[in-house]
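Here the structure comes first, spelled out in structure tokens, and everything after it is commentary.
The values are calculated or read from the model by the stated rules, or taken from the named source; none is laboratory data. The structure displayed is predicted, hence computed values, not measured ones. Here the Cβ positions follow ideal geometry from the backbone for every residue, glycine too, while neighbour counts run over all protein chains shown. Calculation scope for accessible area: heavy atoms of the full protein, side chains included, ligands and nucleic acids excluded. Shrake-Rupley method; radii C 1.70, N 1.55, O 1.52, S 1.80 Å.
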Amino acid sequence: MDSQEPDQTPFEAVSATTSKLQQRYQALLDQSTPFVTYRWVGTGVCLFLFMLRILFAQGWYIVAYALGIYLLNLFLAFLQPKFDPSSDELDNEMEDGSVGTLPTKSDEEFKPFIRRLPEFKFWYWTTRAVLIAFFCSWWEIFDVPVFWPVLLFYWIILFVLTMRRQIQHMIKYRYVPFTMGKKKYNKNSN
């Protein structure tokens, strides 16, 4: 009797299947890249469903609070430039000529705004966080009893203070992270 070895071990079979699934998932993500509005509408719908779940279930406020803090953190990274003009490391890198900077004077050359967190990654991590929070809202272990008005009040204070600091930073270093309100130049104008 000949015992024939299988072509693949179980570990290799699982690894190959996982690899195929990851490739399909990445292909779907790549195909969704140009559809910015549809992606954000989908995320908004998921967030709305999560809020309805929290409202009707009357619980899981700590999950909603954690989601709010995480989304605030992502939003701040989305608003900030990749290279912070106030850091000392930037000055050292500028001397080497390896990093572009935002103009701080009117006679300096325009450099495009590069975000610390690109829009696609911002959407991806936001959607993932909302879906994880929605999933957690179905498990009793995550329903920690808290007095929700205190969490809401604390989150609002944190949002206002953080955004005030971010806006002051934007004014000080003269950058606008959005294309609305920026000057548009014609091809023919010099």
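Converting phi to 3J(HN,Hα) with the Karplus coefficients 6.51, -1.76 and 1.60 and the offset θ = phi - 60°, region 119-134 yields 4, 5, 5, 4, 5, 4, 5, 5, 4, 4, 5, 5, 5, 5, 5, 4 Hz in sequence order, with x at every glycine or proline. Between Ala77 and Glu140, the FRET efficiency estimated from the beta carbon spacing at R0 = 35 angstrom works out to 0.60. Pop out the carbon and sulfur fraction of the accessible area of region 17-71 as a percent, whole number, probe 1.4 Å. With neighbouring chains kept in place, the figure for region 17-71 is 71 percent.
Each Lys or Arg adds one and each Asp or Glu subtracts one; over the other residues with Cβ under 14 Å from the Cβ of Val130, this totals +3.
Length gain on complete extension for the stretch Val45 to Ile157, per 0.36 nm per residue less the alpha carbon to alpha carbon distance?
Gain on stretching Val45 to Ile157: 37.7 nm.
Under 5 Å from the amide H of Arg115 lie the amide H atoms of Lys82, each residue being 5 or more positions distant or on a separate chain, with H modelled from the backbone and absent for Pro and chain starts.
Computed over the Cα atoms of region 11-94, pair by distinct pair, the Kirkwood hydrodynamic radius stands at 17.1 angstrom.
From most to least packed by mean Cβ count within 10 Å, the peptides 64-71, 165-172 give 64-71, 165-172. So if R0 is 41 Å, what FRET efficiency would Phe120 and Asn186 give, r being the distance between their Cβ atoms, rounded to the nearest 0.05? Computed FRET efficiency for Phe120 and Asn186 comes out at 0.85. Taking only the alpha carbons of region 32-73, we obtain Rg and Dmax values of 12.4, 38 Å in that order.
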